[in-house]
Amino acid sequence: MGGFFGITSTEDCILDVYFGVDYHSHLGTRRGGMAAIDKEKGFQRAIHNIENAPFRTKFEGIVNTMHGTAAIGCISDLDPQPLLFRSISGTYAISTVGKICNMDEIIDIILKEGHGHLEAMTAGRINQTELVAALISDKNDLVEGIKYAQEKIEGTASILVLKEDGSLIAARDKNGRLPVKVGIGENSSAVSFESFALSKTGYEETKELGPGEIVEVRPGQCRQLVPPRDKMKMCAFLWSYYGYPTTTYEGTNVEIMRYENGQILARNDMKKGFDTSNLDYVGGVPDSGTPHAIGYSNASRLPFARAFIKYTPTWARSFLPLTQAEREKVAKMKLIPVTELIEGKNLLFVDDSIVRGTQLRETVDFLYENGAKTVHMRSACPPIMYACKFLNFARNNSDMDLLSRRIIKELEGEEGEKHIEEYADGTTERGKKLRTAIAEKMGFESLEFQTLDGVIKAIGIDRCKLCTYCWNGEE
């Protein structure tokens, strides 16, 4: 996916932007970039590949080479950015977060409206940020251009622009699926995806943009240019998995949501009569499953324990190696058992989600290899039935990449596609069969998923304001 961060100040701000961008490293793994404007140097930009080294190490010398009183930066899981453009509105740097679903249509619009060419990348792909900038530059004014881009793009596009005069223009995507926040300091202001990145760089969050809202940010001030739209569809999966624990979206802290979510999951088990008397410990499938497991432990009064730890000082990301064999080997090597908490024990684990199931199966095998007696599994969100159309959460290009959908096809063939809602519901016969089949395939003693109502209750936001497409296919 990705995230961005920017500052406009009366003093050099490169160091703070460097730290602010680094605080978004959990959101992307491919490219990192920064752009700045300085009265003497003008625009400067740096982009690095961060697939095999984190943003921090690739950009640690940036304060010696880049200077400016205003700068933006991003972590991207897709294309290189920020990009620099010269248009009728002046020269500007731009970064975007999101996913354009109608790429071919946008390309046709841009070419037909007079743009001579677009730079093609590997396999003929076009940089999404370049497409957004081309739409913006089609108008005589940046704000009108951003509004035009928002209207034409199907999908999600939050935008951060750094202008020649050192001001920032920030726009949240028209459906509000992703957050954009503004913090104000004494002689500077900042824009961020994650709220904690503001507080850690010395800013007090003063505004969370609404869907489609556009603001101009200058040192010590934020001015609304376009008011927010009425309809919001915030991505609910941010709280379940992608959001960093210390951040807050729409007034709900991620870590607190996960505690509450785990408690609801435990209470659902108790209502169904699940026997916990033989269980020794509750644990999380690290790292984002851990707070859900703590909530489960608190509600069920079962002791919480970390039966295994991920070794992350040098293996932070198991998907970085180039081959699948290497990825599987690294994923296995990262898991370090606490044998005393595994051998002969009946264990219940809570994972943040079950997507493809590959790494989870390896984790369960690892637990049994280290002497676990039984392994029960709980998913902190409902079965994922649809690959997300609106965000680059994962590299799933088809619904059939998802474990739940593959199992449904194994159980009922094409007929199963007509009964997705039943399979998602654990109280129906089809729902029970799905859970039993997954448990048998994965080696679980038992399996249950959080309900959609449970997730929504834990978030604490009106259902109509949340996007739950990956679970129920509703846009």
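What follows draws every value from the coordinates through simple rules; no lab data is involved. Just so you know, these numbers come straight off a predicted model, no measurement behind them. Every residue, glycine as well, gets a Cβ built from its backbone with ideal geometry; the counts of neighbours run over all protein chains shown.
Using alpha carbons only, the radius of gyration of the chain set against its Kirkwood radius gives Rg/Rh = 0.99.
The angle between the Cα long axis of helix 290-300 and the main principal axis of the chain comes to about 40°, on a 0 to 90 degree scale.
Arranged from highest to lowest average of other beta-carbon atoms within 10 Å per residue, in what order do the peptides 30-42, 46-58 appear? Could the numbers behind the result be given before it?
On the way: 30-42: 19.4, 46-58: 16.1.
With the highest mean Cβ count within 10 Å placed first, the list reads 30-42, 46-58.
Comparing 182, 431, 93 along the charge dipole axis of the chain, the residue lying farthest to the positive side is 431, per the Cβ-charge model.
Ranking 355, 371, 400 by Cα position along the charge dipole of region 329-405, where only Lys, Arg, Asp and Glu carry charges on their C-beta atoms, puts 400 farthest toward the positive end. The long axis of helix 254-271 is offset from the longest Cα principal axis of the chain by roughly 20 degrees. Taking amide H atoms as placed 1.01 Å from N in the peptide plane, the amide H of residue 252 has no partner under 5 Å among residues 5 or more positions away or on other chains. Based on C-alpha pairs under 8 angstrom that are at least 6 apart in sequence, the chain has a relative contact order of 12 percent. If only the Cβ of Lys and Arg carry +1 and only the Cβ of Asp and Glu carry -1, the dipole of region 252-472 around its Cα centre is close to 400 debye. The calculated pair-distance distribution of region 2-232 uses every alpha carbon pair, bins of 10 angstrom beginning at 0, and gives 9, 36, 39, 15, 1 percent.
Given Cα positions, please report Rg to Rh for region 218-280, the hydrodynamic radius being the Kirkwood one. Walk me through the numbers before you get to the answer.
Details: Rg = 18.8 Å, Rh = 15.3 Å.
Value, to two decimals: 1.23.
Computing Rg and the Kirkwood Rh from the Cα coordinates of region 406-462 gives a ratio, Rg/Rh, of 1.05. Relative to the dominant Cα principal axis of the chain, helix 103-112 is inclined by about 10°.
Here the contact order of region 1-64, divided by its residue count and restricted to Cα pairs under 8 Å and six or more residues apart, works out to 30 percent.
Based on the Stokes-Einstein relation at 10 °C and a viscosity of 1.306 mPa s, and on the Kirkwood radius from alpha carbon pairs, region 252-472 is assigned a translational diffusion coefficient of 88 µm²/s. Pairs over the 29 Å Cα-Cα cut-off, from the set 174/441; 272/310; 271/373; 99/432; 332/441; 332/465: 174/441; 272/310; 99/432; 332/465. Backbone geometry of region 398-406 corresponds, through the Karplus equation with coefficients 6.51, -1.76 and 1.60 at θ = phi - 60°, to 3J(HN,Hα) couplings of 9, 4, 6, 6, 7, 4, 4, 6, 5 Hz, x marking Gly and Pro. Backbone amide hydrogens, once placed in the peptide plane, bring residue 155 within less than 5 Å of 101, excluding anything fewer than 5 places away on its chain. About its Cα centre, the dipole of the chain is roughly 460 debye, where the only charges are +1 on Lys and Arg Cβ and -1 on Asp and Glu Cβ. The string of couplings for region 427-444 from the Karplus curve (6.51, -1.76, 1.60, θ = phi - 60°) is 8, 8, 4, 5, x, 5, 5, 4, 5, 5, 5, 5, 4, 5, 5, 8, x, 7 Hz, one whole number per residue in order, with x for Gly and Pro. Among 209, 348, sorting on how many other beta-carbon atoms sit within 10 Å of each Cβ, with the fewest leading, yields 209, 348. Take every pair of alpha-carbon atoms less than 8 Å apart whose residues are at least six positions apart; their mean separation over the length of region 154-257 yields a relative contact order of 24 percent. Amide H contacts under 5 Å for residue 385: 471, restricted to partners 5 or more places along the chain or on a different chain, H placed in the peptide plane at 1.01 Å from N.
Size of region 55-102: Rg and Dmax of its alpha carbons, in Å, are 13.3, 41. Averaging the Cα positions of each part gives two centres, and for region 172-242 and region 52-119 these lie 19 Å apart.
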